[in-house]
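Enquirer: Have a look at this one.
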Amino acid sequence: MRDIIQNLGFTPTIVPAVQAATINGTSVDTNGFESAALVINTGAIVGAASFSAKLQDSSDGTNFTDVPATLLVGALPGALAANSAYKQGYLGAIQRSRRSIS
């Protein structure tokens with residue numbers, strides 16, 4: 001029997017904590033993976049703040065740009081709701097490898 005666990009890697013980028021301002025997660029090296037998935041679990045949201053999330057890409061781990069919609073599967077809402085879970089797929093590695101072949 002074959003399972004998929006050998007093909008998956010998990011990396012937390014923002015540890016659970018009360019956030020009061022913009023925070024950037026740690027970068028994740030996706031080299032060697034064909035795609036990636038972002039999973040967001042929110043807890044309580046206090047005050048009148050509105051929180052959102054986005055994926056960014058970098059070739060050097062220092063300079064980041066927003067990932068274009070053509071490389072994303074699904075969409076994140078403009079504002080995250082309290083006590084919710086969201087997911088978004090990232091096709092960056094697949095797109096880059098296809099470009100290098102053609």
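The values are calculated or read from the model by the stated rules, or taken from the named source; none is laboratory data. Bear in mind that the values here come from a model prediction, so they are computed numbers and not experimental data. Glycine also receives a Cβ, built like all others from the backbone with ideal geometry; neighbour counts cover every protein chain displayed. Ligands, DNA and RNA are stripped out before the accessible areas are found, and what is left, the full protein with its side chains, is counted by its heavy atoms. Shrake-Rupley method; radii C 1.70, N 1.55, O 1.52, S 1.80 Å.
Enquirer: Quickly estimate the mean residue ellipticity at 222 nm for the chain, helices only: each DSSP H run with n ≥ 4 gives -39500 (n - 2.57), and the total goes over all residues, rounded to 500. Working shown, then result.
Expert: Details: 1 runs with 10 residues, N = 102.
Here the helix-only value at 222 nm equals -3000 deg cm²/dmol.
Enquirer: Okay, next question. Nearest 10 degrees, 0 to 90: what angle lies between the long axis of helix 92-101 and the longest principal axis of the chain (Cα atoms)?
Expert: 20 degrees
Enquirer: Leaving out ligands, DNA and RNA, what percent of the accessible area of segment 1-65 is carbon and sulfur, probe 1.4 Å? Can you show the working numbers first?
Expert: Values: 3050 of 5700 Å².
So the carbon and sulfur contribution to the accessible surface is 54 percent.
Enquirer: Scan the chain and report its longest stretch carrying no trypsin sites (Lys or Arg not before Pro) that are both in a DSSP loop and have at most 16 other Cβ atoms within 10 Å. List each step's numbers first, then the result.
Expert: Working: sites that count: R2, K54.
No qualifying site falls inside 3-53, the longest such stretch.
Enquirer: Rounded to whole Hz and in sequence order, give me ³J(HN,Hα) for segment 36-41 from the Karplus expression 6.51 cos²θ - 1.76 cosθ + 1.60, θ = phi - 60°, writing x for Gly and Pro.
Expert: 8, 9, 9, 10, 10, 10
Enquirer: While we're looking at this one, here's another question. From the phi of every residue in segment 80-89, what ³J(HN,Hα) in whole Hz does the Karplus formula 6.51 cos²θ - 1.76 cosθ + 1.60 yield, where θ is phi - 60° and glycine or proline is x?
Expert: 7, 8, 5, 6, 10, 10, 9, 9, 8, x
Enquirer: How much accessible area per residue does the chain have, in Å², with a 1.4 Å probe?
Expert: Details: 8120 Å² over 102 residues.
Ligands and nucleic acids excluded, the figure is 80 Å² per residue.
Enquirer: What list of ³J(HN,Hα) values in whole Hz, one per residue of segment 20-25 in order, does the Karplus curve 6.51 cos²θ - 1.76 cosθ + 1.60 (θ = phi - 60°) give from phi, with Gly and Pro shown as x?
Expert: My calculation for segment 20-25 gives 10, 8, 4, 9, 9, x Hz in order.
Enquirer: Treating only the Cβ atoms of Lys and Arg (+1) and Asp and Glu (-1) as charged, compute the dipole magnitude of the chain about its Cα centre; round to the nearest 20 debye. Mind showing how you got there, number by number?
Expert: On the way: 6 positive and 6 negative charges, 43 e Å.
The dipole magnitude comes to about 200 debye.
Enquirer: Kindly provide the chymotrypsin sites (Phe, Trp or Tyr not before Pro) of segment 1-72 that DSSP labels as loop, not H, G, I, E or B, and whose Cβ sees at most 12 other Cβ atoms within 10 Å. The partial results should precede the final answer.
Expert: Numbers: sites: F10, F33, F51, F64; in loops: F10, F33, F51, F64.
Taking segment 1-72 and a limit of 12 other Cβ atoms within 10 Å, the loop chymotrypsin sites (Phe, Trp or Tyr not before Pro) found are F10.
Enquirer: Hey, of [x] 24, 17, 12; [y] 35, 17, 11; [z] 27, 17, 13, which did the structure itself give for semi-axes √(5λ) of the Cα gyration tensor in Å when calculated?
Expert: Matching the structure shown: [z].
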